[in-house]
Amino acid sequence: MPQKSKLLDLWFSEKLSDGEVYKYLITKTRVQKETQKHNLYLTEFDTRGIGFILDYKLKFTSSDEFMFYEPLVHVPFIQSQNIKNVLILGFGCGASIRECLKWKNLEKITVVEDDKELFLTSAEYLSEIHENSYKNKKVDMHFLSFDEYKEKYQTKFDLIILDINYSYISNENSSLLDRKFFLNCHSLLNKNGLMSFHIADLQINSDQNLKEKIKVLKSIFKETILYSTWIPSICKNVTFILLSKNRKIKHYTTDEISEFIISKNVGILKFINEYCYVGLMNPPKYLQVYELAS
């Protein structure tokens with residue numbers, strides 16, 4: 001028999017669809033703040049640890065954020081096997097920086113964040129997640145818009161990671177993909193550079209609007225790969241996109257991947273290993289449909 005909620009219990013709830021809602025019991029509020037661009041709400045949930053709620057949507061919890069950040073970061077690192085210079089657009093919670101710093105070959109991370117107050121709040125209240133990685137000597141922070149950064153600097157990168165709070169390829173509306181943005185990213189990549197980011201979870205039924213956006217990406221980049229993973233705390237199957245500027249995506253054996261991770265990775269991975277990577281690179285049929293869009 002379910003327990004009755006206490007009178008003062010505070011619950012966070014979010015609608016998944018007309019027939020689905022999930023909710024979590026909040027045990028503590030760390031901070032609630034209106035930044036320059038966002039409404040940020042950091043909580044502690046009864047069963048999920050820290051909750052990062054941005055613009056009234058739960059982005060992740062500390063219980064399983066690694067299920068998001070490891071695929072976002074380590075898939076391109078394993079694919080390239082020679083990433084030294086990384087551009088991260090958006091600080092997020094700092095976990096992208098944390099994961100990049102696990103690789104021995106890495107020389108520098110440039111982070112571009114246009115909402116300094118969001119960064120300062122995350123830096124202060126999410127140390128368990130970012131582990132103060134932004135203070136590492138390899139990390140260079142810039143509080144500028146992407147356009148401002150590109151106008152001021154012309155550094156080339158081996159990898160660009162989008163850890164931003166909105167999507168340039170949202171499948172939630174019919175607006176055109178931001179072609180100019182991706183062309184600018186393409187111009188900042190080294191010859192064999194890669195780019196990784198996520199989009200909203202995809203429906204099983206094919207989305208013609210999203211197919212058209214994938215076609216635009218394929219007209220800019222040599223190869224476009226989609227992969228996905230289920231994130232329990234947000235009840236979504238998050239889809240990632242890996243873009244390659246000039247090189248074909250390589251298919252490694254599990255032995256090759258294992259050897260690379262052991263020799264080049266200096267941190268603990270909770271999600272990615274050689275078998276997980278191969279699984280991610282062989283996505284379900286409904287994602288393959290988008291990859292084949294032409």
Q: Kindly provide the set of residues from the stretch 70-111 that are under 25 Å from Ala123 (Cβ atoms) and β-branched (Val, Ile, Thr), ordered by number.
A: Val73, Ile83, Val86, Ile88, Ile97, Ile109, Thr110, Val111
**Q.** Single unsatisfied condition, Ile26 versus (1) buried (at least 16 other Cβ atoms within 10 Å of the Cβ); (2) touching a residue at least 60 places away in the same chain (Cβ under 8 Å); (3) aliphatic (A, V, I, L, M)
**A.** (2)
**Q.** Odd one out for Ile199 among (1) modelled with pLDDT under 90; (2) more than 28 Å from Ser63 (Cβ to Cβ)
**A.** (2)
Q: State which residue pairs qualify: first residue within 14 Å of Leu58 (Cβ to Cβ) and not assigned by TED's automatic domain parsing to the domain that holds Ser127 and inside the stretch 32-48, second residue of a type in the set (Phe, Trp, Tyr) and exposed (fewer than 14 other Cβ atoms within 10 Å of the Cβ) in any location, beta carbons under 8 Å apart, and separation of 6 or more residues or different chains.
A: Asn39/Tyr56; Tyr41/Tyr56
Q | First in the stretch 270-288 and in contact (Cβ under 8 Å) with a residue 60 or more places away in the chain and surrounded by 14 or more Cβ atoms within 10 Å (Cβ to Cβ), second anywhere and in a helix (DSSP H, G or I) and of a type in the set (D, E, K, R), Cβ under 8 Å, 6 or more apart | A | Phe271/Glu70; Ile272/Glu70
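Residues are listed down the side, and each one gets a yes or a no for (1) of a type in the set (Phe, Trp, Tyr); (2) modelled with pLDDT of 95 or more; (3) crowded, with 19+ Cβ neighbours inside 10 Å; (4) touching a helix residue (DSSP H, G or I) at 6+ places or on another chain (Cβ under 8 Å):
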{"position": "Val31", "(1), (2), (3), (4)": "no, no, no, yes"}
{"position": "Lys37", "(1), (2), (3), (4)": "no, no, no, yes"}
{"position": "Leu40", "(1), (2), (3), (4)": "no, no, yes, yes"}
{"position": "Thr47", "(1), (2), (3), (4)": "no, no, no, no"}
{"position": "Leu54", "(1), (2), (3), (4)": "no, no, yes, no"}
{"position": "Leu58", "(1), (2), (3), (4)": "no, no, yes, yes"}
{"position": "Val73", "(1), (2), (3), (4)": "no, yes, yes, yes"}
{"position": "Pro76", "(1), (2), (3), (4)": "no, yes, yes, no"}
{"position": "Leu87", "(1), (2), (3), (4)": "no, yes, yes, yes"}
Q. Take the residues of the stretch 245-269 that are basic (Lys, Arg) and buried (at least 16 other Cβ atoms within 10 Å of the Cβ): which is farthest from Glu99 (Cα to Cα)?
A. Lys245
Q. How many residues are more than 19 Å from the chain's Cα centre (by Cα) and surrounded by 13 or more Cβ atoms within 10 Å (Cβ to Cβ) when one looks only at the stretch 122-139?
A. 3
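The values are calculated or read from the model by the stated rules, or taken from the named source; none is laboratory data. From a predicted model like this one, the values you see are computed outputs, not experimental measurements. Methodologically, a virtual Cβ is constructed for each residue, glycine included, from the backbone with ideal geometry; neighbour enumeration extends over all protein chains shown.
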